[in-house]
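Peer 1: Have a look at this one before I ask anything.
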Amino acid sequence: MQDGARDEAEAGHETDGSGGDVDDRDERSGLTRRALIAGAAAAAGGAITAGATRGLVQEAPDPTKVPGARPVTVGSRSPHETPEKLLSGSMGGSSRTPLQDLHGIMTPADLHFERHHHGIPQIDPASYRLLIHGMVDRPTLFTLEDLKRFPQVSKLLFIECSGNGGGAYAPSPSPQHTPQSVDGLLSTSEWTGVALSTLFEEVGAHADATWFLAEGSDAAVMGRSIPMEKAWDDAMIAYAQNGEAIRPEQGYPARVFLPGWEGNASVKWIRRIELSDRPAMFRDETSKYTDPLPDGTSRQFSFVMDAKSIITYPTYPQRLPGPGFVEISGYAWTGRGLIERVEVSTDGGDSWHDAVLQEPVLPKCTTRFRHGWEWDGGPAHLLSRATDETGYTQPVRQQVLDARGPGTRYHSNAIRGWRVARDGSIEFAPV
Amino acid sequence: MSRANGVSRWLAMAALVPALAACGPGDSAGGAEAGNAAPGAAAVAPSDPGNGTTQRAGAAEPVYGFGTPATASQIAAWDIDIGPDGAGLPPGQGTVAEGLEVWERHRCVLCHGPTGREGPNDLLTGRIPGDEFPFANDRSLRSTVGNYWPYATTLFDYTRRAMPFDLPGTMTDEEVYAVVGAMLYFNDLLPADAVVDSAVVVDTRMPARDRFVPDNRTGGPTIR
């Protein structure tokens, strides 16, 4: 029943018009749906013995009365499912994951958000090399095949751009934000590769190396400086994502992956790693990705993504069809380890209820939370707040304003919310 | 917040960061760990989070023997980063006057305007009276080279590797010195007749040089 209710709510997208986000094409009308089914059957070579016709509308054939399609070498989504990333940035520098269209915690690789700083390079895996040098005994070039010969590590991990959620921190956030437009620079995958500690063992890292410099082979030769402890802890060179080779826009053929840390530091298309005794003070760790503070300083190397959550259903531009059961659902995540608790409020924070944390609950990974709610048809204000295993609880916006001031632009993690009106319409309304 | 001078404070910070990273659990639930330890692997457990007090070194001999030794020339071809101490700055020099020509010739003007303050893309020019740093409290302020970038070495590094936008990494070292000079001149950090070389890039005192502090977020109940 609830799935049916959700379908109806999502079908309401088109009537809400703006938002410009997603999903206003596949459910446009029953006619479109039927035509697609008929087309698919025709493409599969099935006899179109279409069922009854009403006027010009051709009913879909009874799938139990026509032969089904044959296997294909590469699968594709149902033609009825057309989730899309949302492009943003004046230089075409990012795309956002359609969080509201996803279930569970995994992000399909072709819907993984993108943020790059000078386009997606084309790299031939046969000529790919990773250079590790600097404060090491044995400067070494690794081919892609070399990297794949080392013992593997593989983990389910989120990655989030530290600029994610900036739209929620603005003085007057747009009520037309969707989960995708406000927090879509967040994705979760199984990342597979070789532990950086394995490679640093191999090349004989010097004990007095305290930082490593990572550079990509994109047109910006994007660089970041990373404390060595992260390499000895859980950093990896990843070459696979969700079971297949990393997509070009995610760093093909290999990238740095720093679990729980701001996405920018997980340098894609990794070409060179230099061990050093100080950071390089790259552009993206000085001019960008630093956080001004009210005392006239700016926080630098603010790597860890603190606890955060967002309800992804029900949200703008969906419309609740009527009073009754609604399963509120969303993501929670923290770069510091495990999500310990997610609370949901339906009255703007006057009262809070523990949400169910859906398995698996993994460190530095998104956790799906759910909370059953009986909507009485009155105004409601839905909020979620996450608490991680360090005891850190997602703050309200005023707490962040007090700590950092209005001018900071990264690490926006204050509580997100959605206001439900009597007519079932929903607006973005963080607190 | 104390503002220690020099690069040395980053040595101390390197010890601070892992204390934050180590707040997470180990790798227990995340998936398969590295396989069996290979012969000769160091005794330290691969997933042991650094605690910031002990430094760790790699193995004395190759553990697996994969990869190929990198030659000095192979390293030199890719080793392009410029440190805040000037390490990596190439020989050569340029003048502000030449830099203004480079600014036009390489079409810097199209994205950054005639003097770096007109846009439409990143603002590069602008000082704040008294070189104050009120970015946190004034959301309308835009950061520039003159009011926010702490090191001129970063300006050389980024310009050489990533600019001009449509032909990245194609300027000569002399052109980069010159156009860095032009940007510092736009920000009243060099005179119009300046000659820019490695010493000038290292010695130019950027107004925001001492504004940057290590991350003090640690998890736990305090919002920072």
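Where a number appears in this text, it was derived from the coordinates with a stated rule and is not lab data. Predicted, not measured: the structure shown is a model, and the values here were computed from it. Note that each Cβ is placed from the backbone with ideal geometry, even for glycine, and that neighbours are counted across all protein chains shown.
Peer 1: With an 8 Å Cα cut-off and a minimum separation of 6 or more residues, compute the relative contact order for chain A in percent.
Peer 2: Computed value for chain A: 15 percent relative contact order.
Peer 1: Separate question: Output ³J(HN,Hα) for region A:287-292: one whole-Hz value per residue in order, computed from phi by the Karplus curve 6.51 cos²θ - 1.76 cosθ + 1.60 with θ = phi - 60°, and x for Gly and Pro.
Peer 2: 5, 10, 6, 10, 10, x
Peer 1: If you place +1 on the Cβ of every Lys and Arg and -1 on the Cβ of every Asp and Glu, how big does the dipole about the Cα centre of chain A come out, in debye to the nearest 20?
Peer 2: The calculated dipole for chain A is roughly 760 debye.
Peer 1: If you stretched the chain out fully between residue A:208 and residue A:431, how much longer would it get, using 0.36 nm times the residue separation minus the C-alpha to C-alpha distance?
Peer 2: Length gained, residue A:208 through residue A:431: 75.7 nm.
Peer 1: Among A:365, A:250, A:331, whose Cα projects farthest towards the positive end of the dipole of chain A, with charges put on the beta-carbon of Lys, Arg (+1) and Asp, Glu (-1)?
Peer 2: A:250
Peer 1: A further question follows. With helices defined as uninterrupted DSSP H runs, which ones in chain A have an alpha carbon span along their own long axis of at least 15 Å and mean Kyte-Doolittle hydropathy of at least -0.5?
Peer 2: Length and hydropathy pass: A:30-43.
Peer 1: How do the peptides A:266-275, A:143-152 rank, highest first, by the average count of neighbouring beta carbon atoms within 10 Å per residue?
Peer 2: A:266-275, A:143-152
Peer 1: At what distance in nm do the modelled label points of residue A:78 and residue B:138 sit from each other, each positioned 7 Å from its Cα along Cα→Cβ?
Peer 2: Distance between the two pseudo-spin positions: 5.5 nm.
Peer 1: Show the residues, 5+ positions off or on another chain, whose built amide H is closer than 5 Å to the amide H of residue A:341.
Peer 2: Here A:387 satisfy the definition.
Peer 1: If you don't mind, another one. Nearest-5 percent of antiparallel DSSP beta bridges in region A:315-431?
Peer 2: Counting only bridges with both partners in region A:315-431, antiparallel ones make up about 95 percent.
Peer 1: Let me know the charge dipole size of region A:308-428 about its Cα centre in debye, to the nearest 20, where only the beta-carbon of Lys, Arg (+1) and Asp, Glu (-1) is charged.
Peer 2: I would put it at about 580 debye.
Peer 1: Let me ask you something else. Among B:136, B:187, B:198, which residue has its Cα furthest toward the positive end of the charge dipole of region B:111-224, with +1 on Lys/Arg Cβ and -1 on Asp/Glu Cβ?
Peer 2: Of the options given, the answer is B:136.
Peer 1: Once fully extended, how much extra length lies between residue A:176 and residue A:103, figured as 0.36 nm per residue of separation less the alpha-carbon to alpha-carbon distance?
Peer 2: 24.1 nm
Peer 1: Report the FRET efficiency, 1/(1 + (r/R0)^6), for residue A:347 and residue A:247, where r is their Cβ-Cβ distance and R0 is 45 Å, rounded to 0.05.
Peer 2: Efficiency computed from Cβ-Cβ geometry: 0.60.
Peer 1: Once you order the gyration tensor axes a ≥ b ≥ c over the Cα atoms, which shape class does region B:61-161 get: rounded for a/c under 1.5, otherwise prolate or oblate by comparing a/b with b/c?
Peer 2: prolate
Peer 1: Here's something else I'd like to know. Using Cβ counts within 10 Å as a stand-in for footprinting exposure, how do A:257, A:212, B:165 rank, fewest first?
Peer 2: Neighbour counts put them in this order, fewest first: B:165, A:212, A:257.
Peer 1: Based on other C-beta atoms within 10 Å, arrange A:199, B:89, A:87 from fewest to most.
Peer 2: Ordered from fewest to most neighbouring Cβ atoms within 10 Å, A:199, B:89, A:87 come out as A:87, B:89, A:199.
Peer 1: Beta carbons within 10 angstrom, averaged per residue: use that to sort the peptides B:200-206, B:216-222, highest first.
Peer 2: For the peptides B:200-206, B:216-222, the packing ranking is B:200-206, B:216-222.
Peer 1: Could you pull out every residue, at least 5 positions away or on a different chain, whose amide H is within less than 5 Å of the one on residue A:134? Hs are placed 1.01 Å off N in the peptide plane, and Pro or chain starts have none.
Peer 2: So residue A:134 has HN proximity to A:275.
Peer 1: Continuing with the same structure: Shape call for region A:184-343 from the C-alpha gyration tensor, a ≥ b ≥ c root eigenvalues: rounded (a/c under 1.5), prolate (a/b greater than b/c) or oblate?
Peer 2: Prolate is the answer for region A:184-343, as a/c is 1.5 or above and a/b outweighs b/c.
Peer 1: Can you give me the Cα centroid spacing of region A:245-276 and region B:98-135 in angstrom?
Peer 2: Centre-to-centre (Cα) distance: 30 Å.
Peer 1: If you count, for every residue in A:273-281, the Cβ atoms of partner chains within 10 Å of its Cβ, what is the mean?
Peer 2: Mean partner shielding for this stretch: 6.
Peer 1: To continue, here is another question. Using the number of other C-beta atoms within 10 angstrom as an exposure proxy, rank A:308, A:155 with the fewest first.
Peer 2: With the sparsest Cβ surroundings first, the list reads A:155, A:308.
Peer 1: Please give the FRET efficiency for residue A:421 paired with residue B:110, using the beta carbon to beta carbon distance and R0 = 45 Å, rounded to the nearest 0.05.
Peer 2: 0.45
Peer 1: Here is a further query. Would you tell me the mean number of C-beta atoms belonging to other protein chains that fall within 10 Å of each C-beta in A:138-150, as a whole number?
Peer 2: Partner Cβ neighbours, averaged per residue: 4.
Peer 1: For n ≥ 4 DSSP H runs only, could you compute -39500 (n - 2.57) per run for chain A, divide by its residues and tell me the 222 nm figure to the nearest 500?
Peer 2: -4000 deg cm²/dmol
Peer 1: With the cut-off at 22 Å, tell me which of the pairs A:148/A:364; A:85/A:288; A:155/A:308 have Cα atoms farther apart than that.
Peer 2: A:148/A:364; A:85/A:288
Peer 1: Which value, in debye to the nearest 20, gives the size of the charge dipole of region A:125-209 about its Cα centre, when Lys and Arg are +1 and Asp and Glu are -1 at the Cβ?
Peer 2: Taking the Cα centre of region A:125-209 as origin, the dipole is about 160 debye.
Peer 1: Count, for each residue of A:331-343, the Cβ atoms from other chains sitting within 10 Å of its Cβ, then give me the mean as a whole number.
Peer 2: Mean number of neighbouring Cβ atoms from other chains: 2.
Peer 1: Mind jotting down the three principal axis lengths of region A:365-418 based on Cα atoms? Whole angstrom, largest first.
Peer 2: 39, 27, 17
Peer 1: Still on this structure, please answer the following. Estimate the FRET efficiency between residue A:70 and residue B:216 by the formula 1/(1 + (r/R0)^6), using the beta-carbon distance for r and 51 Å for R0, to the nearest 0.05.
Peer 2: Approximately 0.25, to the nearest 0.05.
Peer 1: If you count, for each residue, the other Cβ atoms within 10 Å and average over each peptide, how do A:177-187, B:134-144, B:179-189 line up from highest to lowest?
Peer 2: Per-residue Cβ counts within 10 Å, averaged per peptide and sorted highest first, yield A:177-187, B:179-189, B:134-144.
Peer 1: Restricting to Cα pairs below 8 Å that are 6+ residues apart, what does the relative contact order work out to for region A:231-378? Please round to a whole percent.
Peer 2: With pairs under 8 Å counted, the relative contact order is 17 percent.
Peer 1: Related question: If you take the square roots of the eigenvalues of the alpha-carbon gyration tensor of chain A and sort them as a ≥ b ≥ c, do you get rounded (a/c under 1.5), prolate (a/b over b/c) or oblate?
Peer 2: Because a/c hits 1.5 or more and a/b fails to exceed b/c, chain A counts as oblate.
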